[in-house]
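Each remark here refers to the structure printed beneath this line.
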Amino acid sequence: MTNEEQSRIEKLEKIKSSQVNPYPALSERSHTVKQAIDDFDKLSEKEILVSLVGRLVLLRLHGKACFANLEDGTGRFQIFFAQDNVGEKEYQFFNENIDVGDFLEIKGHLFITKRGEKTIKATSWKLLSKALLPLPEKWHGLSDVETRYRQRYLDLIANQEVRDIFVKRTKMIKLIRDFFNQRDYMEVSTPVLQGIAGGAIARPFITHNHALDIDLYLRIAPELYLKRLIIGGFERVYEIAKCFRNEGIDASHNPEFTQIEFYQSYADYNVLMKLTEELFEYLLSNLEGKLTIEYQNNTLNFKPPYPRLEFRQAIKNETGLDIEEHRDLEGLIEQVKKLGITVEKSWDRGKILDELFKERVRPKLINPTFLIHHPIELSPLAKKCPDNPNYVERFQLLVAGMEICNAFSELNDPLDQESRFNEQDKLREKGDQEAQGLDEDFVKALKYGMPPTAGEGIGIDRLALILTNTYNIREVILFPILRPKSEK
C-alpha cells in the first residue's frame, strides 16, 4: 500500500467517524455540466440554484478559499469554494478530507470570474464517493500502453481522446442499426454457443457444458443460423454479433471481436456491393459530414462507385503469377515458394492463395476497393460464377490494406453444400484446424429450400479503426484480451 492510499484510507475513517456516509446512494443533479454551460446566461442572470455532480479533477487550495474543477460525462466546470459561502466547519471538513478523484455534489450559483471563466460558487456540497487511489500521473495523462489497455478505466479517466473514440464507435453502431432498420431488416440474436463451429474458415474456442455433458464452440460467425432464418421465411435479417476466433493477435486481429452480418433474400452479391456503398456513404455523411477522410497518412475517398478488382487479376498484377496456369497443388507450391512465401504442409490450394494475397496484394489496396471472384477453395459457402466454376460470386471490401467487408451470393444448393462440407472435413482430418465441420442440420434445412440470397459481414472493430484514424485494434475495443502479467 502506498503512502497516498494509506492517507486516503485514514481520511475515509475520519469521514465515517464524523457520521458522514462516504458512499451514499442518493445524489441530486439539476443540470449536467454541458447544460450548465449551454444555459449559463439564463441560469446566472436569474440566480437559479444549480446542482452539479461529478469527479473532482483539479484542486487549488488558497487559505480560506479554493478553486477546483468538477467533471461529469458531458464536460468540466470550475468550482469556487470559499469558507464565507459554505461555513467554517464545512470548509475545514472539505479541506482536510477531500482529494482529487473524489465524486462530489456541488450546489450553488453561476458567475463569471475576473478571468472570464464560467464558475459555480458553492453554497453547499456533499461527498458522493471517496476515491482511495490517486488519478494517474497527477492528472497529467496516462501514456503507458500496457496500463492503458489493462486498466481501461484509468485510460478513460485520463485521456479525453480515448473517450471520444468510444463515443464515436457507439454513434457508428447506432447509424448502422438505423441504416438497416430503415430498409426493413429485422435485428435478431443467434446462439453464441454452437455445436459445430461454422460460417467461416477459422480456428474456434472450445468449451464444455456440464448439464448436457457436451463440448461446444464459441461461435466464429452467426452465418449458418442467420441463413436458417432466411429458410424460415424472414427475408431480411441482421445481427451485431460478438464472435470468437482462436487465432493470432496483432494490430488488426483480436480473438474476441464484433461484426454485423446481414442477409437479404432475392439478392446477389452485386446488390450487396451497391448496398455497401450506400452504407458507407450514409456513415461518412452522418459522422464526418464528408466522404473523404484521413487515415494513417492516407486520404481515403468513399465516394461511390468503388473499383472492382478480380482476385486472379490482383495476384497477377502484383506478382506476375497467373493462378489458373497452376491448378495442380505441387506446381502452385513451387511458384509461391519462388515468390518467398513459406508454405505449411497442411495448406491446401485455397489457403496458399489466401496467404499469397494477404502478403503481396492486400497491403497495397488503400482506397476502398471491391475484390471480387475468389477461388472456390476459399469460399465453401458461396455460389459458383456461372461462367467459371473455379471462382465464386464473392466480394471483399479492402480499405487501407485491411478487409472490412466480406460477402457473397449464398450457396443454396443443398447437395453442392454437403459436398463442400465434406471437402472441408477432409482438410480437418489432415490437420487444418480452420476448416469447417459438416453441419448436417444446416444441410437438412437447405433441403427444405432457401431462396436466392446474398449475405455480408462487416468488421465493426476494423471499421471503427478507419473512422477514428486509429492504427491498433486494441484502441477501439474497450477491454482487449491481454496476456496475464504473471506470464509476461
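Would you work out the relative contact order for the chain, in percent, from Cα pairs under 8 angstrom that are 6 or more residues apart?
Once normalised by length, the contact order is 12 percent.
Could you compute the FRET efficiency for Glu4 and Asn85, with r as their C-beta to C-beta distance and R0 at 25 Å, rounded to 0.05?
Once the sixth-power term is evaluated, E becomes 0.30.
How high is the relative contact order of the stretch 3-134, given as a whole-number percent (alpha carbon pairs under 8 Å, six or more residues apart)?
29 percent.
Could you tell me which of rounded, prolate or oblate describes the stretch 344-422, using a ≥ b ≥ c as the square roots of the eigenvalues of the alpha-carbon gyration tensor, with rounded for a/c under 1.5 and, failing that, prolate when a/b is larger than b/c and oblate otherwise?
oblate
Going through the cross-link list Lys227/Lys364; Lys358/Lys485; Lys274/Lys444; Lys303/Lys351; Lys42/Lys121; Lys338/Lys384, which pairs have a Cα-Cα distance over 23 Å in this structure?
The answer is Lys227/Lys364; Lys358/Lys485; Lys274/Lys444; Lys303/Lys351; Lys338/Lys384.
Where a Cα-Cα gap under 17 Å defines reach, which lysines qualify for Lys242, not counting those fewer than 8 residues away within the same chain?
Lys174
Whole percent per 10 Å bin, from 0 to the bin with the longest distance: what is P(r) over all C-alpha pairs of the stretch 81-185?
Final binned percentages: 12, 25, 27, 21, 11, 3, 0.
Indicate, rounded to the nearest 5 percent, the antiparallel portion of the DSSP beta bridges found entirely in the chain.
Around 90 percent of the beta bridges assigned by DSSP in the chain are antiparallel ones.
Just the ratio, please: alpha-carbon radius of gyration of the stretch 3-134 over 2.2 N^0.38 Å, N its number of residues.
1.02
Given Cα pairs under 8 Å that are at least 6 residues apart, what percent is the relative contact order of the stretch 385-488?
With pairs under 8 Å counted, the relative contact order is 24 percent.
With the cut-off at 25 Å, report for the stretch 135-286 the share of all Cα pairs above it, as a whole percent.
Result for the distance tail: 48 percent.
How far apart, in nanometres, would the label points at Ile249 and Ser129 be if each is projected 7 angstrom from Cα along the Cα-to-Cβ direction?
2.7 nm
At R0 = 35 Å, how high is the FRET efficiency between Glu235 and Phe205 if r is their beta carbon distance? Nearest 0.05 is fine.
Rounded to the nearest 0.05, the efficiency is 0.60.
To the nearest µm²/s, what D does Stokes-Einstein give for the chain at 4 °C and 1.567 mPa s, using the Kirkwood radius over alpha carbon pairs as Rh?
Stokes-Einstein gives a translational diffusion coefficient of 49 µm²/s.
Could you calculate the FRET efficiency of Ile366 with Leu415 from 1/(1 + (r/R0)^6), where r is the beta carbon distance between them and R0 is 41 Å, rounded to 0.05?
Computed FRET efficiency for Ile366 and Leu415: 0.50.
Once the Cα gyration tensor of the stretch 406-486 is found, what semi-axes does its equivalent ellipsoid get, as square roots of 5 times the eigenvalues, in whole Å, sorted largest first?
35, 20, 10
Tell me, in nm to one decimal, what length is gained between Lys358 and Asp215 on full extension, where the rule is 0.36 nm per residue of separation less the Cα-Cα distance?
Gain on stretching Lys358 to Asp215: 48.2 nm.
Tell me the label-point distance for the pair Ser285, Leu193, using the 7 Å Cα-to-Cβ offset, in nm and rounded to one decimal.
Using points 7 Å along Cα→Cβ, the separation is 4.4 nm.
So what is the 222 nm mean residue ellipticity for the chain from helices alone, if each DSSP H run of at least 4 adds -39500 (n - 2.57) and you divide by all residues, rounding to the nearest 500 deg cm²/dmol?
The helix contribution divided over the chain gives -10500 deg cm²/dmol.
Taking chymotrypsin sites (Phe, Trp or Tyr not before Pro) that fall in a DSSP loop and have at most 16 other Cβ atoms within 10 Å as cut points, what is the longest piece of the chain between them?
Value returned for the longest uninterrupted segment is 1-233.
Show me the helices of the chain, taken as full DSSP H stretches, that run 24 Å or more along their long axis by Cα and average -1.0 or above in Kyte-Doolittle hydropathy.
Answer set is 160-181, 269-287.
Working out 0.36 nm times the residue gap between Glu325 and Arg60, then minus their Cα-Cα distance, what length gain in nm do you get to one decimal?
Full extension from Glu325 to Arg60 adds 87.9 nm.
Using a ≥ b ≥ c from the Cα gyration tensor of the stretch 1-61 (square roots of the eigenvalues), is it rounded, prolate or oblate, where a/c under 1.5 gives rounded and otherwise the larger of a/b and b/c decides, a/b for prolate?
Here the stretch 1-61 falls in the prolate category.
According to a simple spin-label model (label point 7 Å from Cα along Cα-to-Cβ), what is the distance in nm between Glu117 and Asn317?
5.6 nm
Please report, for the Cα atoms of the stretch 265-348, the Rg to one decimal and the Dmax as a whole number; what are they, in angstrom?
In order Rg, Dmax, the Cα atoms of the stretch 265-348 give 18.9, 52 Å.
Here, each number is a calculation from the coordinates, and none is a lab measurement. Model, not experiment: these values are computed from the prediction. Using ideal geometry, Cβ is built from the backbone for each residue, glycine included, and neighbour counts are taken over all protein chains shown.
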